[in-house]
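Asker: Please read through the structure below; I'll follow up with questions.
The values are calculated or read from the model by the stated rules, or taken from the named source; none is laboratory data. As the structure is a prediction and not an experimental result, all values here were calculated from the model. No Cβ is skipped: glycine too gets one built from the backbone with ideal geometry, and neighbour counts run over all protein chains shown. For accessibility, only protein heavy atoms count, side chains too; no ligands or nucleic acids. Shrake-Rupley method; radii C 1.70, N 1.55, O 1.52, S 1.80 Å.
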Amino acid sequence: MMYARLMKIFLKENFSLRRLLGTDLRKNKGKAILLGLVILYALGAFLFTFGYMFFDFGKLLAPLGAIDILLLYIFLFTMAVSLILVLFRANGYLFRYKDFEILQPLPIKTRTVLFAKATVMMIMNYAGLCIFIAPIAFSYFYFNGFAIVTFLLFVVAFLLIPLLPMIVFSFISLLIARITARFRKSNILTIILLFVVFMGIMALSLSINYGGDLNPLMSIRELVDQIKGVYLPMAWFMDAIHNHDLLSLLFLALVNVVPFYLFLIVVQKLTTKTNQMGLSVVTRKNTKAVKSQSRPLFETLVIKEFRKFINVPSYAVNAGFGPVFLFLAGVLGLIFKNKLPGLFGYIEASGIGINAQIVVLVFVAFCLSTVYTTAITLSLEGKNFWIIKSAPIKPSLIMNAKLVFNLFLGLPFAFFALILLSVGLSFPLLDFFVLVLFSAAFALLTSVIGSIINLHFPKFDFINDIEVVKQSIGAMIGVLSGFGIIVIDGVGVFFLQKLISWELALVIISVFDLVVFQILFLVLNRTSDKIFVKLAG
Amino acid sequence: MLQIKGVSKSYDGKHLACNKIDLEIKEGDIYGFIGHNGAGKTTLLKSIAGIIDFDAGDVLINGHSIRTEPLEAKKVIAYVPDNPNVYESLTGIQYLDFMGDVFAIALDKRQHLVDKYAQMFEIAAVLNNPISSYSHGMKQKIVLIGALIHEPKVMLLDEPFVGLDPKASYLLKEVFKDMCSKGTLIFFSTHVLEVAEKLCNKVAIIKQGKIVANGNTLDIVKDHSLEDIFMELIKES
């Protein structure tokens, strides 16, 4: 059967360990051990934060007989994560796949190819979704009691629900690609549109979640009943699993499988057409005089990084989310500056021992953690790696340029947010400078760690940029290391402020971060020359 | 001068892609490198350019080892790969400026050479466009111009004529001859034996990682064709 043959090839192409990890672990035991530790750390960090949160939530809901609310979260997470993944992947997997020229001349039905491509994309999505929903599902089954029937119903229902978002957001992905293709600066426009879509979704979800009720639990219960009435697939999902309602499962199957099948039929011609359009090259003559520009080498390398960033939408959107958040937080902080003291006063009065300055700082550090270009930018050189490798440039200089770009991307926005939020919250000037010092130290440390990670875990062999940006080991460790530093620094400040003021504690932690940065920076510069030549780009 | 001294390279630790290769290429030489697919041509070219590491031996470029003094060696090298993978997000002129900055070419000279080669290869009108909008041949041309504008002393090219139209191929050969007359050495791989026979003063034939013949083209060919010699050498065990 042709579908099975295609799947065999596609799965091998997309899911081999070497492709996923970007390295052959059998050849490097050191890397294998390091990778194992990192995965353990990631798993631990995830379970102790996200997992614990939902386990605790389950413990709270179970006595109230409202454990099915966890199913609501599973549904919402599945929908939200699916749409983000599909938005980035659909174009590369369905409408502009790189092996079109190989597959098209073969005697295989377009529908079969499309079905196989959609299956691979969905497997990729299910794998990503499992990470998010496994802890919630665990909490649900732990407190509700495990039954094989419930579990089977859960698996079937879970496999069904991402199909609708896949259809809708595949079309949105295609629409964005088609609209932006008409413009000269199409990549920048794509980035803007993707940000608009994401911000729109976030604004929508926030506006739904705000019930105005002081009892958050009641608010959720009411919300469940409301959404159950408004969006029937969610009601069917919850009833199918929690009440073993097979009719609901049937409805759920019908509303997802039938449109999915129709989608595959309808989209066949579109897929062929968009792929064919991708092959044709239209080169317009440009009468504008060609003028060369000369720059110092280091500046040239940093500009190259910037150009790469704004020309790869998935890269810009994922690594640029933090700066956008910081910018928005700063602006909104100033606009709503009258409401801020009340909000932060509520946090301080809650007795958890955190002041407004620390809350702002955690937010800024979190956003800076998501600026992880150093962890992936070497990988993104991909097939172009030969250019810098054969050029007379010291590898350490290349790595330093990548590091500086990461700082340029995050720090100005962090400072901008800190200035406006400090004004809005009337922070003393000394506090402001302490916050700035910590942010700078944190950004330097996370940037250099990202560089070292990418140097040791590059992934040059990729088909779509998104494989590096979201699925590579570098990306995973890059972001998680930032979160890890927040925790380590937080623990340090927590214990130090028992002895000294929080400001002084933060200065000491900042100096500690700067010292670690300096050591790692030296390591980076010393090792990059040796490692570069061994990298097989 | 380019000296390749006993270079060996294995990808899997079992089979040698390059097996103790010794070659010496002097200023003004146009050296053709011939071999069947998988013979080790690209591996050797990438090793010389410092793109891949090799297991044994050394490569000296104007006396500088690519292993111990890579920057000094690379300053005089231009490498053109078999597949023109370039930064597609840049415009043609941005890519050439990048190369110009890397090799510290003075702006006046850079502008002159960009204009000269862009007009020669007929891509001046598209230099302001993104490389992603270029055809395969145009990409090949932009990589070639990027290699030519810093007037390298050593040019390493992997199948440089593939993808070029007949006029561009002819012009490139003329550029090669002109550069060699000024002392540049050119070492390139090719499958087109006629090109090697007519253009190169020296050739080397590689088979399963080993050089099986090398020297003056006329001495190797004698009264046969290069194709006959190549087929004969390939047949021999």
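Asker: Checking A:SER472 against (1) at pLDDT below 85; (2) out of contact with any Ser or Thr (no Cβ under 9 Å at 6 or more places or on another chain); (3) open to solvent by less than 20 Å² (accessible area, probe 1.4 Å); (4) away from every other protein chain (no Cβ under 14 Å): exactly one of these is not met. Which one?
Answerer: (2)
Asker: Does A:ILE531 count as in contact (Cβ under 8 Å) with a residue 12 or more places away in the chain, part of a helix (DSSP H, G or I), within 14 Å of chain B (Cβ to nearest Cβ) and of a type in the set (A, V, I, L, M)?
Answerer: yes
Asker: List the number of the failed condition for B:LYS41; all other conditions in (1) in contact with a Phe, Trp or Tyr (Cβ under 6 Å, 6 or more places away or on another chain); (2) open to solvent by less than 10 Å² (accessible area, probe 1.4 Å); (3) more than 8 Å from chain A (Cβ to nearest Cβ) hold.
Answerer: Exception for B:LYS41: condition (2).
Asker: Among the candidates A:ASP489, A:ASP465, single out the residue that is open to solvent by 20 Å² or more (accessible area, probe 1.4 Å) and among the acidic types (Asp, Glu).
Answerer: It is A:ASP465.
Asker: Continuing with the same structure: Residues to consider are B:ASP12, B:ASP29, B:ASP22; find the one that is within 12 Å of chain A (Cβ to nearest Cβ) and out of contact with any His (no Cβ under 6 Å at 6 or more places or on another chain).
Answerer: Exactly one residue qualifies, and that residue is B:ASP12.
Asker: Just one of the numbered conditions (1) open to solvent by less than 10 Å² (accessible area, probe 1.4 Å); (2) more than 18 Å from A:PHE306 (Cα to Cα); (3) more than 9 Å from chain A (Cβ to nearest Cβ) is not true of B:ALA118; which one?
Answerer: It fails just one condition, (3).
Asker: Hey, another quick one. Which one is surrounded by the fewest Cβ atoms within 10 Å (Cβ to Cβ), of the residues in the range B:57-109 that are of a type in the set (D, E, K, R) and facing chain A (nearest Cβ under 7 Å)?
Answerer: B:LYS75
Asker: Of these, B:GLY40, B:GLY63, B:GLY57, B:GLY32, which one is on the phi > 0 side of the Ramachandran plot and under 16 Å from the mean Cα position of the chain (by Cα)?
Answerer: Only one candidate qualifies: B:GLY40.
Asker: Just to be sure before I move on: is B:GLY32 closer than 14 Å to B:VAL203 by Cα, touching a strand residue (DSSP E or B) at 6+ places or on another chain (Cβ under 7 Å) and assigned to a loop (DSSP other than H, G, I, E, B) in the structure I sent?
Answerer: no
Asker: What tally of residues in the range B:47-56 results from selecting those that are open to solvent by 30 Å² or more (accessible area, probe 1.4 Å) and of a type in the set (A, V, I, L, M, F, W, C)?
Answerer: Final tally of qualifying residues: 1.
Asker: From the list A:PRO63, A:PRO107, pick out the single residue that is open to solvent by 60 Å² or more (accessible area, probe 1.4 Å), at pLDDT 80 or above and more than 30 Å from A:ILE192 (Cβ to Cβ).
Answerer: A:PRO63
Asker: While we're here: Those residues that are of a type in the set (A, V, I, L, M), outside any helix (DSSP H, G or I), closer than 25 Å to A:ARG526 by Cα and in contact (Cβ under 8 Å) with a residue 40 or more places away in the chain, I need them from the range A:378-436; list them, please.
Answerer: Within the range A:378-436, A:LEU378, A:ILE393 qualify.
Residue-wise test of (1) hydroxyl-bearing (Ser, Thr, Tyr); (2) open to solvent by less than 40 Å² (accessible area, probe 1.4 Å); (3) within 30 Å of A:LEU535 (Cβ to Cβ).
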{"residue": "A:ILE398", "(1), (2), (3)": "no, yes, yes"}
{"residue": "A:GLY410", "(1), (2), (3)": "no, yes, yes"}
{"residue": "A:PHE416", "(1), (2), (3)": "no, no, no"}
{"residue": "A:GLY424", "(1), (2), (3)": "no, yes, no"}
{"residue": "A:VAL436", "(1), (2), (3)": "no, yes, no"}
{"residue": "A:THR446", "(1), (2), (3)": "yes, yes, yes"}
